[in-house]
1. Could you run through the stretch 1-24 and say how many residues are in contact (Cβ under 8 Å) with a residue 40 or more places away in the chain and under 20 Å from L162 (Cβ atoms)?
2. Right, A90: open to solvent by less than 60 Å² (accessible area, probe 1.4 Å), small (G, A, S), assigned to a helix (DSSP H, G or I) and touching a residue at least 40 places away in the same chain (Cβ under 8 Å) or not?
3. Assuming T99 fulfils every condition listed in (1) of a type in the set (S, T, N, Q); (2) over 19 Å from L29 (Cβ atoms); (3) more than 14 Å from the chain's Cα centre (by Cα) apart from one, which condition is it?
4. Given the stretch 129-226, what helices (runs of 4 or more DSSP H) lie entirely inside it while holding 2 or more residues that are open to solvent by 10 Å² or more (accessible area, probe 1.4 Å) and charged (D, E, K, R)?
5. Of (1) farther than 16 Å from Y169 by Cβ; (2) surrounded by 22 or more Cβ atoms within 10 Å (Cβ to Cβ), A55 satisfies all except one. Which?
6. Quick one: would you say A120 is among the aliphatic types (A, V, I, L, M), outside any loop (DSSP other than H, G, I, E, B) and either more than 19 Å from D171 (Cβ to Cβ) or open to solvent by 40 Å² or more (accessible area, probe 1.4 Å) (or both)?
7. Mind telling me which of the residues P106, P84, P95 ends up being free of Cβ contacts under 8 Å to residues at least 12 places away in the same chain, open to solvent by 40 Å² or more (accessible area, probe 1.4 Å) and not acidic (D, E)?
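The values are calculated or read from the model by the stated rules, or taken from the named source; none is laboratory data. Just so it is clear, the model here is predicted, and its values are computed rather than measured. Cβ placement follows ideal geometry from the backbone for every residue including glycine, while neighbour counts extend to all protein chains displayed. When the accessible area is computed, the model is the full protein with side chains, heavy atoms only, and any ligands, DNA or RNA have been set aside. Shrake-Rupley method; radii C 1.70, N 1.55, O 1.52, S 1.80 Å.
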Amino acid sequence: MSVRYDCALEVQRSRGIAKAADVVAEGDLVVLPTDTVYGIGCDAFDAEAVSALLAAKGRGRAMPPPVLVPHVRTLDGIAAGITPDIRALAEAFWPGALTIITRAQPTLRWDLGETNGTVALRMPLHPVALELLERTGPMAVSSANLTGHDAALTAQQAQEMLGDSVAVYLDGGEAELGVASTIVDCTSGTPRVVRQGAVALEDLRSVVPSTLGLGETPDEEVEQTQ
């Protein structure tokens, strides 16, 4: 049976985060608040837990979950071929609402689904999420909702959709932004926005001027397709 902790109350927050960390270590699922929307998460290195996460959402392996990390420096342990653009984006927007798709270190022993050797990484700007991540290390975290439904903005909304498939719900109040993160693909050449979200394209370009938006094509690709 699921347990929900009100993280606005100091005692419940402390107990809830401790319990959530234990649950993650045991291979079960938790719901946690982030700065964007609520997430459903598990140990990123537990393949059975990742499968359970996808099943809880009604999602297949073709849609692998992103990974949340507790520090910018965690990037070096997970990502391969870190470019100056990747480094600049992480340092400018983490913690925050930017997800960066990179090549994953080939030595990592995990199975997030059909990733084709990539991983979507983010460091959230939320104290409860960061405190949990400090205890657990990287977590596979997807939006807390059933596939085809809107992402939960409160723990209550998440619990109504996911029920007892989740062991612990950490209630951090309503999600501050209420908008999903912006996703930038940095796996090949110029960074490209593949989902517009809470971080604006202009802000990305202020850090990496070459960033492409949705539907934009590099000059060399335009020439090839004309």
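1. Within the stretch 1-24, residues that are in contact (Cβ under 8 Å) with a residue 40 or more places away in the chain and under 20 Å from L162 (Cβ atoms) number 14.
2. On the way: open to solvent by less than 60 Å² (accessible area, probe 1.4 Å): yes; small (G, A, S): yes; assigned to a helix (DSSP H, G or I): yes; touching a residue at least 40 places away in the same chain (Cβ under 8 Å): no.
Taking the combined requirement at face value, the residue does not satisfy it.
3. That leaves (3) as the condition not met.
4. Details: elements: 155-162, 201-207, 219-225.
Ranges flagged: 201-207, 219-225.
5. Going through the list (1) farther than 16 Å from Y169 by Cβ; (2) surrounded by 22 or more Cβ atoms within 10 Å (Cβ to Cβ), A55 breaks only (2).
6. Numbers: among the aliphatic types (A, V, I, L, M): yes; outside any loop (DSSP other than H, G, I, E, B): yes; either more than 19 Å from D171 (Cβ to Cβ) or open to solvent by 40 Å² or more (accessible area, probe 1.4 Å) (or both): yes.
It is true that A120 is among the aliphatic types (A, V, I, L, M), outside any loop (DSSP other than H, G, I, E, B) and either more than 19 Å from D171 (Cβ to Cβ) or open to solvent by 40 Å² or more (accessible area, probe 1.4 Å) (or both).
7. Working: P106 fails: free of Cβ contacts under 8 Å to residues at least 12 places away in the same chain; P95 fails: free of Cβ contacts under 8 Å to residues at least 12 places away in the same chain.
Result of the check over P106, P84, P95: P84.
A quick yes/no check of all residues on (1) touching a Leu at 6+ places or on another chain (Cβ under 9 Å); (2) among the aliphatic types (A, V, I, L, M):
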| site | (1), (2) |
| --- | --- |
| L121 | yes, yes |
| P127 | no, no |
| E131 | no, no |
| A152 | yes, yes |
| D164 | no, no |
| Y169 | yes, no |
| T182 | yes, no |
| Q196 | yes, no |
